Amino acid sequence: MADLTTLQNDAAARICERYPQVSRKEFRGDITLTIAAEDLVEVMTYAKEGCGFDMLTCVSSVDNLGEEPRFEVNYTITQAETGANLLVRCPVSESECSVPSLVPIWRSANWLEREQYDLMGIEFAGHPDLRRIMMWDGYPYHPLRKDFPVAGKPTELPGVAFTEKAPTAGGPFTTRPGVLTASEREPRARG
């Protein structure tokens, strides 16, 4: 059997040869394919059926606040038998903020896409049950966006959630500002 690097390179080359609009970048042994939203379903279907990537193991997103496209949706697809991975990046503009759902290709996309919808506000067109998975129904914000304040926002739902800003000042994950060493900034160093 070929090594993982060869398997990943061969699969990426086949995808890029079949779909010349897909760009390829390699960094430290990881291959990232960049695919436009309108090509996502077709290319990912080929990756599964033609190249053996039978698992969607991760869906994440990045908020590039101040840039356009503002968002990108990142997918990790895997060949279960070999362990070969490809990273797939799909840029998403703030005005559209939507990509096609991959649930028809991989059922594992269901909750992964719901999480990105809930926390980043990216919609997945054609998703069978696109609703919040962590925040409560009716919550008007997407807390992983860079323009969401770290202290949170006040809510009008007493008894359901905080009615004041989240108490992060001095919390267990708040580091000290200033020019200190990493161990001095560490919250556990406060004693």
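The values are calculated or read from the model by the stated rules, or taken from the named source; none is laboratory data. Since we're looking at a predicted model, the values are computed, not measured. Positions of Cβ are generated from backbone atoms using ideal geometry, with glycine treated the same way; all protein chains shown enter the neighbour counts.
Can you pull out the residues in the range 46-74 that are in a loop (DSSP other than H, G, I, E, B), under 21 Å from Cys97 (Cα atoms) and not aliphatic (A, V, I, L, M)? So that I can check it myself, show each step before the final result.
Let us first name the residues in the range 46-74 that are in a loop (DSSP other than H, G, I, E, B), namely 50-54, 64-70.
Applying the additional criterion that residues be under 21 Å from Cys97 (Cα atoms) yields 64-70.
Within the range 46-74, Asn64, Gly66, Glu67, Glu68, Pro69, Arg70 qualify.
Taking the stated definitions as given, is Val88 in the same structural domain as Glu17 (by TED's automatic domain parsing), of a type outside the set (Ser, Thr, Tyr), under 20 Å from Asn110 (Cβ atoms) and out of contact with any Cys (no Cβ under 8 Å at 6 or more places or on another chain)? In short, yes. Scanning the range 1-12 for residues that are assigned to a helix (DSSP H, G or I) and either free of Cβ contacts under 8 Å to residues at least 60 places away in the same chain or of a type in the set (Val, Ile, Thr) (or both) gives Thr5, Thr6, Asn9, Asp10. One residue stands out among those in the range 13-45 that are among the aliphatic types (A, V, I, L, M) and in a loop (DSSP other than H, G, I, E, B): the one that is surrounded by the most Cβ atoms within 10 Å (Cβ to Cβ), which is Ile35. Scanning the range 93-126 for residues that are in contact with an Asp or Glu (Cβ under 8 Å, 6 or more places away or on another chain), part of a helix (DSSP H, G or I), closer than 23 Å to Gly66 by Cα and without any contact (Cβ under 8 Å) to a residue 40 or more places away in the chain yields a total of 1.
Can you name the residue in the range 66-81 that is over 15 Å from Arg107 (Cβ atoms) and more than 15 Å from the chain's Cα centre (by Cα) and, of all such residues, is surrounded by the most Cβ atoms within 10 Å (Cβ to Cβ)? Lay out the reasoning, then the answer.
First, the residues of the range 66-81 that are over 15 Å from Arg107 (Cβ atoms): 66-74, 76, 79, 81.
Checking the rest, the ones that are also more than 15 Å from the chain's Cα centre (by Cα) come to 66-68, 79, 81.
Values: Gly66: 8, Glu67: 11, Glu68: 10, Gln79: 20, Glu81: 10.
Here the residue is Gln79.
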